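Let me begin by presenting the structure, written as structure tokens, before commenting on it.
The values are calculated or read from the model by the stated rules, or taken from the named source; none is laboratory data. For clarity, every value in this text was computed on a predicted model and none was experimentally measured. Virtual Cβ from ideal backbone geometry, glycine too; neighbours counted across all protein chains shown.
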Amino acid sequence: MEIGEIINSALVGSLKSIAQIALIVIPLMICIEIFKEFKLLEKVTVIADPVTRCLGLSREANLPIMAGLVFGISYGGGLIINSAREGKLTYREIYIINLFLVICHSVFEDTLLFAAIGAKWVPILFARIVLAVIICYLVAKFVLIQD
């Protein structure tokens, strides 16, 4: 195989991958902006109630967790910092939220990207969420985190 064919094949493959990623990321970014504009995330944070209760967190933890799950660790982290500065979260809650989001963030975007490259998305999504809950539950119950 000639070098020209190799370069051509690599470029075509790369462009196809970029197009697949763009087809996933661009609509997600539009949805994120819509969620931000209409403050929809604040309205659906009650979905996180069972998880935050299980982890011994206050309801104030719902928004950063949901933001991190949906929008990613940067946006979730920004909300954690903001909530901490306002005194809405304890050090323990901040620690557990951060641990949760390190394990499980951007679930829609990451899952769709893995699916685009051929991975089975259901086990990936399930494993990330379940592992985050289990690990955070164990840390919340058995590790002394002082405020």
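Quick notes
- First in the range 54-70 and more than 20 Å from MET29 (Cβ to Cβ) and without any contact (Cβ under 8 Å) to a residue 40 or more places away in the chain, second anywhere and of a type in the set (Lys, Arg) and surrounded by fewer than 20 Cβ atoms within 10 Å (Cβ to Cβ), Cβ under 7 Å, 6 or more apart: GLU60/LYS88
Residue-by-condition table, conditions (1) surrounded by fewer than 17 Cβ atoms within 10 Å (Cβ to Cβ); (2) assigned to a helix (DSSP H, G or I):
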residue	(1), (2)
MET66	no, yes
GLY76	no, yes
ILE81	yes, yes
ILE97	no, yes
HIS105	no, no
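- Pairing residues of the range 124-135 that are closer than 15 Å to SER106 by Cβ with residues that are polar (S, T, N, Q), at Cβ distances under 9 Å and at least 6 apart in sequence or on separate chains, gives ILE124/THR111; LEU125/THR111; ARG128/THR111.
- Candidates PHE100, PHE126, PHE142, PHE71, filtered to the one that is of a type in the set (Phe, Trp, Tyr) and modelled with pLDDT under 90: PHE71
- Residues in the range 31-54 that are at pLDDT 90 or above and among the hydroxyl-bearing types (Ser, Thr, Tyr): 1 in all.
- Within the range 80-94, residues that are over 21 Å from LEU69 (Cβ atoms) reach partners that are β-branched (Val, Ile, Thr) with beta carbons closer than 8 Å, at six or more positions or on different chains, in the pairs TYR91/ILE145.
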